Amino acid sequence: MKIAACFPAVGEQSASALVGAMTEAMRLFDHQSAGIRQVDGGALGYVAAGLPARLGGWMEREHEGNRLLVAGVPLPPRGAPEPLLADVVASDHRRAASILETLDGVFAALFWDARHRRLLAVTDAFGIQPLYMVRDGRSLLLASELRALCAAGVPVAMDPVGWGQFFSVGNTLGNTTMLCGVSRVPGATVLDYDLATGALDQRTYWEWAARRPDVVDLDHVPTGEIVGILRHDVERYAPLSDVSTMLLSGGFDSRIVLSVLRKLGLPTEAISLSHANEHRGADG
């Protein structure tokens with residue numbers, strides 16, 4: 001699922017109209033449905049990817065005016081995600097943040113606390129699920145894709161830093177984007193937007209350990225521990241779907257995961273892509 005939020009300044013275009021333009025920009029196929037949820041002073045929106053109910057049917061929830069939208073696939077510390085997300089949407093912004101911070105996996109979540117008129121945005125620990133932000137005075141725009149922000153009226157202007165990074169290393173670095181005035185919300189971040197004051201608080205809920213691990217001799221790599229971690233993650237994801245699809249590259253990690261899937265007896269389809277301009281299509 002792709003998500004969006006808009007809280008414009010007083011007197012600007014209606015939030016619902018802006019979110020409608022944002023979701024339409026992110027909707028790429030006819031089978032993808034879009035929704036707009038009006039809240040006090042703003043609006044939330046989503047584009048559903050058309051996934052099976054068990055994999056995404058719980059990604060929008062409502063409770064007494066509260067709204068929860070989740071992009072990606074979050075994993076709770078234990079058990080299924082549905083009870084935990086039901087607890088989130090029935091709580092206030094403080095408790096919602098404390099719960100969302102415990103989630104593993106790849107996700108970005110938007111939570112509207114109707115009683116306190118607060119919006120939370122929470123990203124996964126590594127910031128793998130993208131969430132982009134435009135902050136202009138008291139207004140706030142959030143979206144899963146840059147094109148959505150352009151559709152909401154953000155000027156299409158190149159960020160020279162982002163483009164310089166792209167041409168130098170092939171991608172942007174940190175929270176920079178290729179669109180001027182737009183930043184990527186960092187990983188392990190909680191944004192807390194107070195509609196009453198227009199204040200936006202940002203904090204980090206997890207950080208890498210300060211000490212880097214010692215370099216391990218290749219003859220003493222703890223392969224058993226690595227396989228054990230991958231198996232643990234596969235077992236946590238397995239209840240979400242009856243069939244697994246493995247993107248099989250030329251690296252050891254994907255081959256180990258495929259081996260784990262087979263040993264666990266999980267039905268698996270494999271997809272391999274050939275990139276002609278990368279090592280003459282070696283992956284394919």
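The values are calculated or read from the model by the stated rules, or taken from the named source; none is laboratory data. Because the structure is a prediction, the values reported are computed rather than measured. Every residue, glycine among them, receives a Cβ derived from its backbone with ideal geometry; neighbour counts consider all protein chains shown. Heavy atoms of the whole protein, side chains included, go into the accessibility calculation; ligands, DNA and RNA do not. Shrake-Rupley method; radii C 1.70, N 1.55, O 1.52, S 1.80 Å.
Would you mind getting me the FRET efficiency between F126 and R94? Use the beta-carbon distance for r and R0 = 22 Å, nearest 0.05.
It comes to 0.35.
Restrict the search to segment 85-131; then list the chymotrypsin sites (Phe, Trp or Tyr not before Pro) that DSSP places in a loop and that have at most 13 other Cβ atoms within 10 Å of their Cβ.
Taking segment 85-131 and a limit of 13 other Cβ atoms within 10 Å, the loop chymotrypsin sites (Phe, Trp or Tyr not before Pro) found are F126.
So how tilted is helix 223-237 from the main axis of the chain? Cα-based, degrees 0 to 90, rounded to 10.
40 degrees
Read through the labelled values [x] 64, 46, 44; [y] 129, 47, 29; [z] 63, 44, 33 and report the label of the one computed as Cα extents along the principal axes in Å from the structure.
Of the labelled values, this structure produces [x].
In a shell of Cβ-Cβ distance under 13 Å around K263, excluding K263 itself, what net charge do Lys and Arg (+1) and Asp and Glu (-1) give?
Every neighbour counted, the sum reads +2.
Take the solvent-accessible surface of the protein heavy atoms, probe 1.4 Å, and return the percent of it on the chain that carbon and sulfur atoms account for.
Roughly 55 percent, rounded to a whole number.
Between helix 252-263 and the chain, what is the angle of the helix's C-alpha long axis to the longest principal axis, kept within 0 to 90° and rounded to the nearest 10?
Rounded to the nearest ten degrees, it is 80.
Longest segment of the chain with no GluC sites (Glu not before Pro) in a DSSP loop having at most 16 other Cβ atoms within 10 Å?
102-206
Can you give the accessible area per residue of the chain, in Å², using a 1.4 Å probe?
Value returned for the chain: 56 Å² of accessible area per residue.
What nm value, rounded to one decimal, do you get for the distance between V243 and D219 when each label is placed 7 Å out toward the C-beta?
4.7 nm
Between T197 and R262, how many nm apart are label points set 7 Å from Cα along the C-beta direction?
Distance between the two pseudo-spin positions: 5.8 nm.
Give, rounded to the nearest 20 debye, the magnitude of the charge dipole that the chain has about its Cα centre when Lys and Arg contribute +1 at Cβ and Asp and Glu contribute -1 at Cβ.
Taking the Cα centre of the chain as origin, the dipole is about 200 debye.
Summing +1 for each Lys or Arg and -1 for each Asp or Glu, what net charge is found among the other residues whose Cβ lies under 13 Å from the Cβ of G153?
Spelling it out: positives minus negatives among the neighbours equals -1.
For segment 139-284, taking Cα atoms only, what is the radius of gyration to one decimal and the Dmax to the nearest whole Å?
20.9, 59
So how tilted is helix 15-26 from the main axis of the chain? Cα-based, degrees 0 to 90, rounded to 10.
30 degrees
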